[in-house]
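So the structure is just underneath, and the comments pick up after that.
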Amino acid sequence: MEPPELILPGRRGPRSGTPQRPRIGIVKFASCDGCQLTLLDLEDELLTIADRVDLVEFAEATSRRSAGPFDVLFVEGSISTAEQVQEIARLRAVSHRLVTIGACATAGGIQAIRNWFDPDEVRAAVYPEPTYVESLAQARPVADFVAVDGELRGCPISPGQLREFLVALVTGRRPQLPDEAVCLECKRRGVVCVAVAQGIPCLGPVTRTGCGAICPAYGRGCYGCFGPRESANTTSLARWLSDDRSAADVGRLFAGFTAWSVPFRATIDAYGGPPGQVLPARETDDA
Amino acid sequence: MPAAYFLPRNELDRLFGALVADGRRIVGPTIADGAVVYDELNSSAELPYGRTADTAPGSYRLRTTGDRRAFDYGVALTSWKRFTHPSLIPLTRAHRDADRIVVESVLEEPPKLAFVGVRACELAALGIQERAMRAGPAGDPDHAARRDAALIVAVECAMATSTCFCTSMASGPEVDHGADLVLSELDDGFVVRVESDAGVPVVASLGLRAAAPDEVERATAQVAAVREVIGDPVAANGLAARLRTALDHPRWSEVAERCLACANCTLVCPTCFCTSVGVASDLDGADASTERSWDSCFSLGFGRVAGDANFRPKVRDRYRQWLTHKFSTWWDQFGSSGCVGCGRCIAWCPVGIDVREELAAIAPVSAPTGPIPWPPSPPEGRAPAALATITPARHVIATVRSVVPETADSVTLRLATNDEAVLDARPGQFVMVELPAFATPPISISRIRPGGLDLTIRSAGPATAALTGLVAGAQVALRGPLGRGWPIDAAIGRDVVIVAGGIGLAPLRPVIEAILGERPRFGAIRLYLGARTPRDRLFVAEMNALAGRADVEVAEIVDRAGPEWLGQVGIVTQLFDQAGWDGSRATAFVCGPERMMQATAVTLAERGVNPTAIWLTLERNMACGVGTCGHCQLGPFFVCRDGPVFSVAELGTAFGREGL
Ligand SMILES: Cc1cc2nc3c(=O)[nH]c(=O)nc-3n(C[C@H](O)[C@H](O)[C@H](O)COP(=O)(O)OP(=O)(O)OC[C@H]3O[C@@H](n4cnc5c(N)ncnc54)[C@H](O)[C@@H]3O)c2cc1C
Ligand code: SF4
Ligand code: SF4
Ligand code: SF4
Ligand code: FES
């Protein structure tokens, strides 16, 4: 899964006149709002951003609504219902560039764990009155339905990367969103590798950097919330990890926020599926 | 002055005090999160007393020994490069308002440090990295300043971990040169040797007694025992040559199935020096800055060039770059091995890949040595092109005089500057072109003229799009001229063949102009020009004028014709594969996409042109342009400073080899 192209067209550099303010929208599907709210974390620069871009659709923070067209549409959340399938197709048609944000939109999110189970059983286990729940058999990433021009990964996305993306958008440069492993960030920061020094399983080597290596810095293994990096060799990592733990434990490690991403999903399948083949009750600690 | 002094164990803090009195902060080993790391120390109490480390491929565990020794842990996870070549440093600050730009270097004054606990292998590594960062007159000023500001207190090894192999790499375990002070830890104290002028006052201020002969003997015996324990695990003799001939070994693909391309090995390696440059700016791109951070040849971005092409897409390619660079091409570049046998890359590889094992499999002692892929380098390493006036921090501001539209996606910027170094550029050289807030692309000089130079740029991505969008009066910052130009003198008295594909004509135009300026000194001149479509032809008026001359032959061809095109259609080699001229009398200059240059080199050789007389200019990802970022490597070559112009003979089979 190579990172899609993020360059925006029509920007000819700083001397070709004032660029028009791009029309930006932010919408959400099945998700928690955490990613879009990251925009509000850019407190210091929020006013400048609001001045340089035309935020025409952002239900979380403004009352302005727009049905499009958008120069750039940020999409949060996975696609989980038939209605959402239609809506994302409509939005794609009115968006010049469509950028998915967060683990849900880019990989299906934590809710994609249910993709391994019988949807009726899941519904029965989770909701008291399952008849009212209209959902697809699977929660899937936006890219499974429409073409995606760019991605901001993470659960939630990083404010720094969102800022970089917006600055790149208005200045016309290529956003610097590294596709390399979390390990590089650990080593640059001087964080001691938790896998090698303590035997803690860590998805850092197969996970895309961007979080700043937060988990290893606090002595925990990476959970993979930024999803697979380029050339994610999950096969080798899983083989190494299986030397001193059961197959089920190895599969469980990959079954997190980005479980449904292609390389993680394949590894989970190869190691006997996600935790717990049945979902008897809500209390289980699966995922 | 005695050969050695004795410092009682409980007086180590007096040494620390003397170093502090010398105006230094102390960096040394201490324990953090389950490993020994090098960090700033406030007192000797923070040393890892009574702890050692057990290492194995992919594993590192601290263990309590119960004794009171401070330096029995092997090497720390972090290497000293964290202090001589920090993982992140600010490089430049830039400002743009209206048409003016300012770019200034923001290198910080390095702290005065004392490195306490440097091993023999690490001393060797500091020297190796210093040679790499200082190669040529364009060495990295930040690295030089930091290294010069450090005083080195080495400590002889009294134990080895299972991953140590300094003995094979001739870098230890005995400390023989490069330190200011050398300590040998005995149970009751330290034998102290003074090995530089800078060390003399430090030790003098302590008023130590001379070490007794038995103390010196115990110290010597201790490190001799370490040599025995390690043995000679890597067959280093002839290794560089064996590895060089094993570029197609099936094991590269096999190790790539295990390798995560996570870059840990390169970032913990004390000699790896590769970096990338990041750009930050405010929302208007008016205030921008660049910073440099550690990167690695395991990153996909290292091989990337415009148009989503990548020279090292596969993990196999990246692992091969790592192993061959450390143990083979480093010799070509810097006259030594790039490995000192510290074993960090083995222990800290998350899946336990062991370079000793891979070397034994890929380059076994019994390996039949095949033909070497590129001509051998001089023993002292490759001498970089003269870059006397270039430092990575020196920017020249040039003003756009006019913008000449060339094709739908390319323009020529006519730049004015009175910087003598820039005006002294030779045909084939290039400049790094910085526009605040954008990446800094390398661009060839397409004309050298009094008071300025031309750059012909195709919009291939955001930075080049911004450059092609500039208007008269705008400014850019240049670093250069860089690289080795075309050897025009080598063509004197000979026929000249020039083959260009697309934008590749840009770096060739100064050659054409130089040769025509001294027309009588050359034989026949033949220009073969290819373009994607008739609309993509460059310098059309000039080329038409040349075609009108009796003493120059010009032939053009396009990949795809439009209705208005009456000329030839096809690939550029078709213009001369049937030609009647005698190639043995010709010198050829070639530039275009790499595939086109490969085909051209083959066809020229078939026409009798000697590979030593076929010159071409290569494109690679470049961040520094002066041989310190590592991006542009191709086998033993740094394309930026050994090239970008090379002869086919110099490149050998490095040219066109997949994944190199
Ligand atoms: C010696 C030399 C001389 C050259 N001379 C000329 C010349 O005279 N005229 C000319 O037009 N061109 C020339 N080029 C090519 C020119 O340098 C490239 O076209 C230019 O670097 C493209 O930069 P960009 O930012 O516009 O494009 P981008 O595609 O944005 O590339 C910019 C940088 O980002 C990297 N990159 C590419 N894709 C990605 C991605 N998806 N994610 C992250 N990073 C990426 C690239 O490797 C590059 O380093 C020359 C190149 C070399 C090496
Ligand atoms: S290659 Fe490995 S053993 Fe050699 S110096 Fe680098 S980290 Fe140490
Ligand atoms: S290219 Fe060489 S120096 Fe750079 S990271 Fe790779 S092995 Fe290290
Ligand atoms: S050899 Fe090991 S440390 Fe190096 S990139 Fe491969 S997996 Fe990572
Ligand atoms: S080493 Fe940096 S561009 Fe060549």
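The values are calculated or read from the model by the stated rules, or taken from the named source; none is laboratory data. These numbers come from a predicted model, not from an experiment. Using ideal geometry, Cβ is built from the backbone for each residue, glycine included, and neighbour counts are taken over all protein chains shown. Accessible surface areas use protein heavy atoms only, side chains included; no ligands, DNA or RNA. Shrake-Rupley method; radii C 1.70, N 1.55, O 1.52, S 1.80 Å.
Would you mind getting the accessible area per residue of segment B:80-190, heavy atoms of the protein chains only, 1.4 Å probe, in Å²? Walk me through the intermediate numbers first.
On the way: 3570 Å² over 111 residues.
Accessible area per residue: 32 Å².
In whole percent, and with a 1.4 Å probe on the protein chains, what portion of the accessible area of segment A:182-270 is carbon and sulfur? Before the final figure, lay out the partial values.
Details: 1700 of 3090 Å².
Using a 1.4 Å probe with all protein chains present, segment A:182-270 comes out at 55 percent carbon and sulfur.
Once the Cβ-Cβ distance between A:Phe145 and A:Asp33 is put in as r, and R0 is 22 Å, what FRET efficiency do you end up with, to the nearest 0.05?
Working: r = 21 Å, r/R0 = 0.95.
Efficiency, from the Cβ-Cβ distance: 0.60.
Take the Cα of A:Leu42, step 7 Å toward its Cβ, do the same at A:Arg65, and the gap between the two points is 2.5 nm.
In Å², and per residue, what accessible area does segment B:490-617 have when probed at 1.4 Å with the other protein chains present? Before the final figure, lay out the partial values.
Values: 5470 Å² over 128 residues.
Per residue, segment B:490-617 has 43 Å² of solvent-accessible surface.
The HN-Hα couplings worked out from phi for segment B:353-364 by the Karplus form 6.51 cos²θ - 1.76 cosθ + 1.60 (θ = phi - 60°) are 6, 10, 4, 4, 5, 5, 5, 5, 7, 8, 10, x Hz, whole numbers, x standing for Gly and Pro.
How large a share of the accessible area of segment B:388-482, in percent, is made up of carbon and sulfur atoms when the probe is 1.4 Å and the other protein chains stay in place? Percent of accessible area from carbon and sulfur atoms in segment B:388-482: 51. Here's how it looks for B:Cys629: its modeled amide H is under 5 Å from those of B:Cys624, which are all 5 or more places away or on a different chain. Listed cross-link partners A:Lys187/B:Lys112; A:Lys187/B:Lys326; A:Lys187/B:Lys314 are compared with a 21 Å cut-off, the Cα-Cα value being larger for A:Lys187/B:Lys112; A:Lys187/B:Lys314.
Kindly state, to the nearest 0.05, the FRET efficiency for B:Arg68 paired with B:Arg14, given R0 = 22 Å and r defined as their beta-carbon distance. Could you put the intermediate results ahead of the total?
Values: r = 17 Å, r/R0 = 0.78.
With a Förster radius of 22 Å, E is 0.80.
Given the alpha-carbon gyration tensor of segment A:182-270, what are the semi-axes of its equivalent ellipsoid in whole angstrom, ordered largest first, with each equal to the square root of 5 times an eigenvalue? Spell out each step's value before the answer.
Details: eigenvalues 78, 45, 20 Å².
Calculated on Cα positions only, the semi-axes equal 20, 15, 10 Å.
Label sites at B:Ala393 and B:Arg134, each approximated as a point 7 angstrom past Cα along Cα to Cβ, lie 1.6 nm apart. What part of the accessible area of segment B:49-119, given as a whole %, is carbon or sulfur when the probe is 1.4 angstrom? That fraction is 50 percent.
Suppose a student asked you for the relative contact order of chain B, using Cα pairs under 8 Å spaced at least 6 residues apart; what percent would you report? Present the calculation step by step, with values, prior to reporting the outcome.
Details: 1490 pairs, mean separation 87.4, N = 660.
Once normalised by length, the contact order is 13 percent.
Comparing the chain by itself with all protein chains present, which residues of segment B:12-35 are at least 40 Å² less accessible (probe 1.4 Å)? Going by heavy-atom accessible area, the residues of segment B:12-35 that drop by at least 40 Å² are B:Asp33.
On a 1.4 Å probe surface of the protein chains, which of A:Cys32, B:Cys591 comes out largest in accessible area, and what is the full order? Spell out each step's value before the answer.
Values: A:Cys32 110, B:Cys591 15 Å².
Solvent-accessible surface, decreasing: A:Cys32, B:Cys591.
Between A and B, buried accessible area from a 1.4 angstrom probe totals roughly 4200 Å², ignoring ligands, DNA and RNA. Distances between placed amide hydrogens fall under 5 Å for B:Phe190 paired with B:Leu7, B:Arg9, all partners being 5 or more residues away or on another chain. Sequence-distant contacts, meaning Cα pairs under 8 Å at least 6 residues apart, place the relative contact order of segment B:388-482 at 38 percent.
Would you mind calculating the gained length between B:Asp489 and B:Asp54 on full extension (0.36 nm times residue separation, minus the Cα-Cα distance), in nm to one decimal?
Details: separation 435, 0.36 × 435 = 156.60 nm, distance 6.01 nm.
Extending this stretch completely gives an extra 150.6 nm.
So which residues in segment B:245-275 end up with at least 30 square angstrom less accessible surface once the other protein chains are there, compared with the chain by itself, probe 1.4 angstrom? Checking the loss per residue gives B:Glu257, B:Leu260, B:Cys262, B:Asn264, B:Leu267. A cut-off of 5 Å between modelled amide H atoms, ignoring neighbours fewer than 5 places along the same chain, links B:Ala363 with no other residue.
Per-residue accessible area (protein heavy atoms, 1.4 Å probe) orders B:Asp180, B:Asp232 as B:Asp232, B:Asp180, starting from the largest.
The loop-placed GluC sites (Glu not before Pro) in segment B:102-192, going by DSSP, that have at most 13 neighbouring Cβ atoms within 10 Å of their Cβ come out as B:Glu108.
Computed over protein heavy atoms with a 1.4 Å probe, the accessible surface of segment B:388-482 works out to 32 Å² per residue.
Restricting segment B:508-575 to GluC sites (Glu not before Pro) that sit in a DSSP loop and have at most 10 other Cβ atoms within 10 Å of their own Cβ leaves B:Glu518, B:Glu564.
Contact order normalised by length for segment B:239-362, with contacts defined as Cα pairs under 8 Å and 6 or more residues apart; what percent is it? 34 percent. Working note: Karplus 6.51/-1.76/1.60 with θ = phi - 60° gives segment B:611-618 the couplings x, 6, 10, 9, 10, 9, 10, 9 Hz, where Gly and Pro are set to x. Ordered from highest to lowest accessible area with the whole protein assembly present and a 1.4 Å probe, B:Leu616, B:Leu516 read as B:Leu516, B:Leu616. If the segment from B:Val602 to B:Ala360 were pulled out straight at 0.36 nm per residue, it would be longer than the present Cα-Cα gap by 83.5 nm. Contact residues in segment A:180-211 (at least 50 Å² less accessible area with all protein chains than alone, 1.4 Å probe): A:Leu184, A:Lys187, A:Arg188, A:Val192, A:Val196, A:Ala197. Rounded to the nearest Hz, the phi-derived 3J(HN,Hα) couplings of segment A:104-113 under the Karplus curve 6.51 cos²θ - 1.76 cosθ + 1.60 (θ = phi - 60°) are 5, 6, 8, 9, x, x, 4, 5, 6, 4, where x marks glycine and proline.
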